[in-house]
Amino acid sequence: MTAHQTITALMQSHHHQCDEHLRQAQAFARAADPGGCKHAFARFRDDTLGHFAAEEDVLFPAFEQASGMSHGPTQVMRGEHRQMRELLEDLEAALADDDLDTWAELVQPLEILMQQHNLKEENILYPMCDRGVALMPELIGTLDEALHVGADHG
Amino acid sequence: MRGAGLSFEQAPPVSIPLRFFIAAPFFGMLAALVLIVDGERLFMSRWSAPALTLTHLMTVGFMLQIMVGALFQVLPVAGGSGVRGQGALALALQPLLVGGACALAAAFMFDWSIGYSLSAAAFATGIGVFVITIFISLWRSEAQGATLTGLRIALVALAMTVALGGLMALARAGLLDVAWLAHVGLHVAWGLAGWALILIAAVAWLVVPMFLQTNPYPQRFARGFGVVIGAILLAATAGLIDVVLATLLLAAAAAVFAAVTLELLRRRQRAANNAIGRFWMLGMLCLVVVGVLSMFEVLAPGHVELALLAGVLILGGVAMSLLIGMLYKIVPFILWLKLRNHYRKVPSMNQFIGEFAQARHFWLHLAMLVVLVPAPWWSPLAVPGGILMFVSSVLLLANLVGALRTLRSFKAGVTAATLAATPPNSAGEPQ
């Protein structure tokens, strides 16, 4: 079970975990170490995809149900997930070719996209979910489980 | 759960921020011309006509254009929704701001009294509508966070600055009592510490970790910063504390903000070897010096040269460095994103404004500061300093236009490729 009291805290700490893996991958890329970069990037990608999946399968449907907004913010968040998934594929393709230059170029906009996306979630969407969580007290636990399942699946 | 007005739209059309960004360098060029043509008189006193002209070309021209453009970009991220009717707002706003800034500069430079009234009317209308519209969007927002708090306070400060400035302009035009001119200390405090510093800080909470890969700012510091500055300004305006004491406190707050940012930059894993890192490092170093200088000015007033030096550092060292550095990250990103929304394989951010072009601009900008810093003591330096400032503004414009060219030539290439691929068996592959 999760040690986090709120959805915001749980998801924010998972965002930070993803950030940390990405920073490690960038450090390896700067040190021209494709092996290390691949390894760290794989962890980042798995965590990130797991995060997206947990949101899309658990959190967003709960939000949509509670708010009655199925074409609002969650729709935009899904669109941004799709955009970032494509970038993750492109980054992986660059790493498969050991092309660290292209990787470093593509990782710049991904980082900004991801930070913008995370900020919107952390400042707006998650707090809204927390305010509605009384309706579904089990949501945090389900979400926490989904984050870990997602990470295992990659 | 409520969520009215929440759209989460990603960003405004790029034409909205870009039109403001592209206008800014022209004000930099005009300010540089004032330095070149009238530098000797300018460095006699911060209250001289050319000094007031240059100050306002930089603040309500260069800085305001970039800050307003950036606000359109930042609001969807910070507040979860863009500005309602933003296209029409931007279209109406820019001519008012540009016209107001030009009228004000001409009024100061040539003692043209109608210019004061015109600029007061233009800014009152433009900024009035702008602040109210943005406030409505921010009010509806459910978002939390230090940036949003900062933006709200900064907007109030902008309105206060324009209100006080407008009253002083009308006094200069002979329409109001000259006693209003005594409020210049408050006007400067609301403008620099309230609007500019809080806005820069509120944006820094977002972009410093995002663009410069630092750790986040300490949360309490970020949350409290704008509130404390706003409270000091209110207390000074209400006469609860002396303007001198307020200036001392505000200068200290500015120096602390800069020191915290420098510490974050120092501690980050990546060395500050890219241009934006250098621009921000330089801007924050100048801000520390400005804070210390202003405190010294308050405690031991009467040093004309030090006041002028503070002006050089605020406008050239802090504002230009931070804003140019920010533009070199924002502009490539928004253009990249615009293309990426339609095509998979697009130019990299570095291809929009190359690292070399950014670095070249940084060194030129640094040279400008090195020349202008001693100018309060030896005014002939205003001419080479002004020339460097002019070239710096041209470089900024050239880099922004170059980024747009990259966008256009990519689109033209895609169109040509699609046309070439279409004829018999359709389905080209841009996407």
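Observations on the structure shown:
- Only listed residue being at pLDDT 95 or above, surrounded by 15 or more Cβ atoms within 10 Å (Cβ to Cβ) and of a type in the set (Gly, Ala, Ser), chosen from B:Gly277, B:Gly291, B:Gly354: B:Gly291
- Subset of region B:183-201 that is over 12 Å from the mean Cα position of the chain (by Cα) and among the aliphatic types (A, V, I, L, M) - its residue that is nearest to A:Asn118 (Cα to Cα): B:Ala193
- Within region B:204-221, the residues that satisfy the criterion of being within 12 Å of chain A (Cβ to nearest Cβ) and either surrounded by 15 or more Cβ atoms within 10 Å (Cβ to Cβ) or part of a loop (DSSP other than H, G, I, E, B) (or both) are B:Trp205, B:Leu206, B:Val207, B:Val208, B:Pro209, B:Met210, B:Phe211, B:Leu212, B:Gln213, B:Thr214, B:Asn215, B:Pro216.
- Residue match in region A:142-150 (condition: acidic (Asp, Glu) and touching a Ser or Thr at 6+ places or on another chain (Cβ under 8 Å)): yes
- B:Leu293 vs. criteria more than 14 Å from every other protein chain (Cβ to nearest Cβ), within 25 Å of the chain's Cα centre (by Cα) and part of a helix (DSSP H, G or I): yes
Per-residue answers, yes or no, for (1) within 22 Å of A:Asp57 (Cβ to Cβ); (2) at the interface with chain B (Cβ under 10 Å from one of its Cβ atoms); (3) out of contact with any Asp or Glu (no Cβ under 9 Å at 6 or more places or on another chain):
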position	(1), (2), (3)
A:Ala96	no, no, yes
A:Leu106	no, yes, no
A:Leu119	no, yes, yes
A:Leu139	yes, no, yes
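- The numbered conditions (1) within 28 Å of A:Asp101 (Cα to Cα); (2) crowded, with 19+ Cβ neighbours inside 10 Å; (3) modelled with pLDDT of 95 or more are all true for B:Gly316 except (1).
- The set of residues from region A:130-154 being more than 22 Å from A:Cys18 (Cα to Cα) and at pLDDT below 75 comprises A:Val133, A:Ala134, A:Leu135, A:Met136, A:Pro137.
- The residues on offer are B:Pro347, B:Pro332, and the sole one that is within 14 Å of chain A (Cβ to nearest Cβ) and farther than 26 Å from B:Leu64 by Cα is B:Pro347.
- Condition check for B:Val394: under 19 Å from the mean Cα position of the chain (by Cα) and hydrophobic (A, V, I, L, M, F, W, C): yes
- Checking each residue in region B:229-243 for being surrounded by 14 or more Cβ atoms within 10 Å (Cβ to Cβ) and in contact with a helix residue (DSSP H, G or I) (Cβ under 8 Å, 6 or more places away or on another chain) picks out B:Ile229, B:Gly230, B:Ile232, B:Leu233, B:Ala235, B:Ala236, B:Thr237, B:Ile241, B:Val243.
- Which numbered condition A:Met69 misses (of (1) at the interface with chain B (Cβ under 8 Å from one of its Cβ atoms); (2) outside any loop (DSSP other than H, G, I, E, B); (3) touching a Gly at 6+ places or on another chain (Cβ under 9 Å)): (2)
- Subset tally (residues that are in contact (Cβ under 8 Å) with a residue 24 or more places away in the chain and either away from chain A (no Cβ under 14 Å) or surrounded by fewer than 21 Cβ atoms within 10 Å (Cβ to Cβ) (or both)) for region B:168-202: 22
- Counting only residues that are of a type in the set (Ser, Thr, Tyr) and in contact with a Leu (Cβ under 7 Å, 6 or more places away or on another chain), region B:224-253 holds 1 of them.
- Helices (runs of 4 or more DSSP H) (entirely within region B:59-153) containing at least 2 residues that are more than 14 Å from every other protein chain (Cβ to nearest Cβ) and over 27 Å from B:Leu322 (Cβ atoms): B:86-110, B:113-140
- Residues in region B:126-159 that are touching a Phe, Trp or Tyr at 6+ places or on another chain (Cβ under 8 Å) and at pLDDT 90 or above: B:Gly150, B:Arg152, B:Ala154, B:Leu155, B:Ala157, B:Leu158.
- Tally of residues being small (Gly, Ala, Ser) and either in contact with an Asp or Glu (Cβ under 8 Å, 6 or more places away or on another chain) or in contact (Cβ under 8 Å) with a residue 60 or more places away in the chain (or both) across region B:203-250: 4
Let's see how each residue does on (1) under 18 Å from A:Asp90 (Cβ atoms); (2) crowded, with 17+ Cβ neighbours inside 10 Å; (3) in contact (Cβ under 8 Å) with a residue 24 or more places away in the chain; (4) within 12 Å of chain B (Cβ to nearest Cβ):
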residue	(1), (2), (3), (4)
A:Gln26	yes, yes, yes, yes
A:Ala29	yes, yes, yes, yes
A:Ala32	no, no, yes, no
A:Cys37	yes, yes, yes, no
A:Ala40	yes, yes, no, no
A:Asp46	yes, yes, yes, no
A:Glu55	no, yes, yes, no
A:Pro61	no, no, no, no
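- Checklist (1) in a helix (DSSP H, G or I); (2) out of contact with any Cys (no Cβ under 9 Å at 6 or more places or on another chain); (3) within 30 Å of A:Ala96 (Cα to Cα) applied to A:Ala32, failing item: (1)
- Within region B:133-151, considering residues that are within 20 Å of the chain's Cα centre (by Cα) and free of Cβ contacts under 8 Å to residues at least 60 places away in the same chain, the one surrounded by the fewest Cβ atoms within 10 Å (Cβ to Cβ): B:Phe135
The values are calculated or read from the model by the stated rules, or taken from the named source; none is laboratory data. Since this is a predicted model, take the numbers as computed values, not measurements. As a convention, Cβ positions derive from the backbone with ideal geometry for all residues, glycine included, and neighbour counts pool all protein chains shown.
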